[in-house]
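Student: Sharing a structure with you now.
No value in this document is a laboratory result; all are computed from the given coordinates. Quantities reported herein were computed from a predicted structural model and do not represent experimental measurements. Using ideal geometry, Cβ is built from the backbone for each residue, glycine included, and neighbour counts are taken over all protein chains shown.
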Amino acid sequence: MPFSPRTLHDLAYADVLSALAGHCRTDAGRERARGRAFLLDAPAVRAALALVEEARVQLGRDGALFLDGVSDIRSHAERAAKGALLEPAELYACARTLFAFLRVRETLAPRDEEFPAMTALSRRLPDLEALAAQLDSSLEADGTVSERASPMLREARARVRGLHRAIKGRLEALLREPAFTVHLRDAYFSVRNGRYVLPVLAQDRAEVPGIVHNASQTGQTLFVEPQPLVALGNDLAIAESLVLEEERRVLQELSGRLGAQAEAVAEGVAASAELDEAEAAARLAQALDASPPILEAADGELELRQLRHPLLALRGVAVVPNDVGLRGGVRALVISGPNAGGKTVTLTGVGLCALMLRAGLAIPAAPGSRVPLYTSVHSAVGDAQDLGAGLSTFSAHLAELKRIAEAAGPGSLVLIDEIAADTDPREGAALAIALLEELLHRGARALVTTHLEELKALTHVDARFLNARVGFDARRMAPTYRLQLGAAGSSSALELAERMGLPKEVVARARALATGAGGPLSQALAALEAGQRELSAATAAAQTAAAEATARAQQLEQQRRMEAETARAAEAEHRRAAAEEAERALTNVASLLAELRAVASVERAEEARSQLAAQAKQAQARAEASRVAQARVRAPQAPAALEAGTRVHHLGLGRDVELLALEGPEAVVAAGSLKLRVPRDMLAGAREKAGPHRLGASSRRQAADARAQAAAPAPLEAGMPRCDVRGLRVEDALREVESFLDRAFLDGEGAVLLVHGHGTGALRQALRAALSASPYVKGFQPGDAHQGGDGVTRVTLRDA
């Protein structure tokens, strides 16, 4: 991409890549992040942004992928492919990496539709489970070859251990003989050059026959392998050489198998690096509160909403977000204002966003931002003075302007800090205007910072230019870092000098000299700035009021949603309570009917009728209380101050009534021609918006008929006994059904329903298999459609 090293240096783009690499978890991912390439076209950029967004969703929902176990084993696999023998630690790292490949594939395989880009990358991870298992079983975490790798190795090591025990046993026996230990410096044994030896006194050498393997520095002690142990020592050396030979054979075999998969391993490491980099880009976006912008053509409009400088945000600095744009016919933004007010921050922030977008990274701006895919970005930021090349500050600046003028073209973004400064202001302004006009003529877009008044005035004569300023708070004597489009800013040099601590008398003298200085242009700009400040204050006040109104509306909407949720919960509770009441009633009725069939007594029948009437009355009272409670939740809140003549809602009647009078804790209301005395807590806010409602004769009759019909006792329906085992395990469900059938058979029931649901069908099959063997069951079949279809089983019981 045509981004010069000077541009990348000016914008400190390497710091962004370092931050990206810092979020990677693998060496290959960090290497890829530090060298992240710029993308050539819009489809590639969109694909990269989509991958980062997938990783962001994956991180938020399921956490990070299992990439911590991935190492860059490409060099190991390449060496193994050439016949090299890998060390156990290297092969163990390869095993961990291959297992990590499998874990990532298993995680993303079911998410193909949700995360297509990440799943496509995971398919490049090799499925080498057999090789990973062999490596894992053949190696220990401490970097040694496991005895599980070979029966021959296990036997050889067992022989080595046996020889060690035998030699130590012989030595310990010698050390227990007083006649022998008098020839020793001390009663212990050690190992020298792989042989077991004893510390023999030099003057007693002839008393302890054997092989001398070492001596102390003074020569007074000789380390001798006793002659009776020489043969065992030789056997031990041979056994250990066999162990080493078998370990080498195992390592050679494992290295060969790994080398045969070198290409697949290299592809897997590369794919895991891309996944790691995508997750790192997602974490970087989270750290920056970044979002993918809308891509525009290279000559399209720039609109950055709530832009924050990426590097400042990464450092944890409280960044003031700003809107920056080149819209409509505007091609160049001229930023002015006090020093240290944020002009260069805005300039470099825009440039970094352009580069980050080209690299497929989300930018620190609000959603809905639009950024062109610039063909090139050119910058001149900072002092390019080079004394070694004989360049002054201004000469070096001119060299940078020359470079930009030669390279910029259609679709280019040009960023120049303090354009044509450090020379005569009039000539510098003329040079700056001429250069900017040439750049715009070539089709480039430009952002420049300046203190030159001629450039600030350019927007009034050329519609391609737009002023912007960074604010300065005169009361705090400090910049606000707030960018305001459409206004030119003053340098506030004297205010800044006073803030920096220059002597007060110097600042006062400078202010006196500056009074009245400047031509009509300066005075006009000052007047315009004062008007802009007033307009900004008024706009800010209006925005504050609008924000407060919006917040209040949101609060009311939240309150409405909470009330609706409360009403739904109350209604659900009402339905649940009604269902439980109906279930209890059916159970009681069934019990009474069974008892009546068993007793067949008129007195018992009358007693049962009385019990049913009492239960019906209690159920009606509970249902009425529940209905009133539900109505109280759903009804509007009653007015704080009740007054006679207002409309209120009667929770008991379920309708609006007119309030006639208040008498202590009670109220007198009128429902048509009917007057009622009710407790105040039975009243709520009126639901009807119309005025007082009066019933005609026909309406009164209809209402009376409806109330009479509602008050009439409903016919008592004894439903078929049922047993609901949904959600139970098969064993628990079978025990529950067996107990239920026992009771139903004893109660003389002819048929029952078993509710098991549809699910996978395992519970249904188990139940029906048990029914086939039950002595109570005459037959069974799926339930009717209104009963639940195949989700229930209708069971016909045998006669008692």
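Student: Taking amide H positions as placed in the peptide plane 1.01 Å from N, state which residues far from L184 in sequence (5 or more) or on other chains have amide H under 5 Å from it.
Tutor: L201
Student: What net charge do the residues around A93 carry, taking every other residue with its C-beta under 10 Å from that of A93, with Lys and Arg at +1 and Asp and Glu at -1?
Tutor: Summing Lys/Arg as +1 and Asp/Glu as -1 gives -2.
Student: Given a Förster radius of 25 Å and the C-beta distance between T480 and A430 as r, what FRET efficiency does 1/(1 + (r/R0)^6) yield to the nearest 0.05?
Tutor: 0.20
Student: In the neighborhood of A166, defined by Cβ-to-Cβ distances under 12 Å, what is the net charge if each Lys or Arg adds +1 and each Asp or Glu adds -1?
Tutor: Every neighbour counted, the sum reads +3.
Student: Go through 176-187, 271-282, 728-739 and give me the packing order, highest mean Cβ count within 10 Å leading.
Tutor: Descending mean neighbour count gives 271-282, 728-739, 176-187.
Student: What does the charge add up to near F465, with Lys and Arg as +1, Asp and Glu as -1, over the other residues with Cβ less than 15 Å from its Cβ?
Tutor: Result for the neighbourhood of F465: +1.
Student: Let me ask something else about it. For segment 310-458, what does the convex hull of the Cα positions come to per residue, in cubic angstrom?
Tutor: 135 Å³
Student: If you put +1 on each Lys and Arg Cβ and -1 on each Asp and Glu Cβ, how big is the dipole of segment 165-242 around its Cα centre, in Debye rounded to 20?
Tutor: With Lys and Arg at +1 and Asp and Glu at -1, about 100 debye.
Student: Right, next: So how do 302-313, 458-469 stack up, highest first, on mean other-Cβ count within 10 Å?
Tutor: 302-313, 458-469
Student: Under a 5 Å amide H to amide H cut-off, with H placed in plane at 1.01 Å, what residues pair with Y481 once short-range neighbours are removed?
Tutor: G471
Student: For segment 546-553, what does the Karplus curve 6.51 cos²θ - 1.76 cosθ + 1.60, with θ = phi - 60°, yield as ³J(HN,Hα) per residue in whole Hz, taken in order and with x for Gly and Pro?
Tutor: Going residue by residue, I get 5, 5, 5, 5, 5, 5, 5, 5 Hz, with x marking Gly and Pro.
Student: Calculate, in nm to one decimal, what S216 and T566 gain on full extension: separation in residues at 0.36 nm each, minus their alpha carbon distance.
Tutor: The span from S216 to T566 would gain 116.9 nm if fully extended.
Student: Then there is this: Applying a 10 Å radius around every beta-carbon, put 330-337, 81-88 in order of their mean neighbour count, most first.
Tutor: Put in order of decreasing packing, that is 330-337, 81-88.
Student: Let me ask something else. A577 to R61: FRET efficiency via 1/(1 + (r/R0)^6), r the Cβ-Cβ distance, R0 41 Å, to the nearest 0.05?
Tutor: Result of the calculation: an efficiency of 0.65.
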